[in-house]
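The values are calculated or read from the model by the stated rules, or taken from the named source; none is laboratory data. Keep in mind it's a predicted model, so treat the numbers as computed, not measured. Backbone-built Cβ (ideal geometry, glycine too); neighbour counts: all protein chains shown.
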Amino acid sequence: MFRTRTTNSPQPRYLCPMTAKKGALLDKAFAALLSEDDAQALEAVALIHEKGDASSILPLLHALAQTDDHARQRRIEGLLFEVKVKDAAAELAKALDLPELLDVRKTAIAAFWNAGLDAGPYVERLARIAVEGDAQETFEVLTVIENQELLPEKAARLALSRVKKAVPKEEDGYKQALLADLEKHLAERLGME
């Protein structure tokens, strides 16, 4: 499992030899994730599992975006779906806005729910993705928000307004049904139904 970085040193990363060594190891591991050699890729997964932290999330998503190998995709997703470290939610939220990670955005969204992370601060952004994204992304957003324990009221109200406007305009019947479910869920959570 990913470990929380525990350093009492206020020194920047590049000045701390232990952290620099760990960073170099992880950089090699991220590169090895895409190696043709399955043994190397498996070793990389094990190393990232043991030594990774929130800063591993974006490189994992980049590796996921760069591979078509289904076994590697599953390994990377497995790591992302168990990332329970400080700042993991913020790193996943960063990934939502990176154009180069658009193809794996649904995985970043799914990681919130799978890893049990607090998506509350990102409810409005997730609702925007539900409206603008494809049906798979809408499904993932619905799952995350349905399973979110607490929703910030202001963000939930803004999300509800955005989704409510989008439902009648959506041409894809499946996505429209998902958006309608999201609208209903947000309204219920806000005590409006």
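The helices (runs of 4 or more DSSP H) found wholly in segment 1-91 and carrying at least 3 residues that are modelled with pLDDT under 85 occupy 17-32, 38-51.
I'd like to know if segment 122-132 contains one or more residues that are of a type outside the set (Asp, Glu) and closer than 29 Å to Gln40 by Cβ. There is no residue in segment 122-132 that is of a type outside the set (Asp, Glu) and closer than 29 Å to Gln40 by Cβ. For segment 61-105, the candidate set comprises residues that are hydrophobic (A, V, I, L, M, F, W, C) and over 23 Å from Val123 (Cα atoms); within that set, the residue that is farthest from the chain's Cα centre (by Cα) is Ala71. Residues in segment 93-140 that are touching a residue at least 24 places away in the same chain (Cβ under 8 Å), assigned to a helix (DSSP H, G or I) and either of a type in the set (Val, Ile, Thr) or more than 17 Å from Leu151 (Cβ to Cβ) (or both): 23 in all. Screening Glu170 with (1) closer than 30 Å to Glu82 by Cβ; (2) over 23 Å from the mean Cα position of the chain (by Cα) gives one miss only, at (1). Apart from one condition, Asp103 fits all of (1) closer than 22 Å to Glu153 by Cβ; (2) at pLDDT 95 or above; the exception is (1). When we screen Leu117, Leu92 for residues that are buried (at least 23 other Cβ atoms within 10 Å of the Cβ) and out of contact with any Ser or Thr (no Cβ under 9 Å at 6 or more places or on another chain), the only hit is Leu92. Here Gln148 meets each of (1) free of Cβ contacts under 8 Å to residues at least 40 places away in the same chain; (2) in a helix (DSSP H, G or I) with one exception, condition (2).
Every residue, every condition in (1) among the hydroxyl-bearing types (Ser, Thr, Tyr); (2) closer than 18 Å to Pro121 by Cβ; (3) buried (at least 16 other Cβ atoms within 10 Å of the Cβ), yes or no:
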residue	(1), (2), (3)
Asn147	no, yes, no
Pro152	no, yes, no
Ala166	no, no, yes
Asp172	no, no, no
Leu178	no, no, yes
Glu183	no, no, yes
Leu190	no, yes, no
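Among residues that are free of Cβ contacts under 8 Å to residues at least 60 places away in the same chain and in contact with a helix residue (DSSP H, G or I) (Cβ under 6 Å, 6 or more places away or on another chain), Ala90 is not included.
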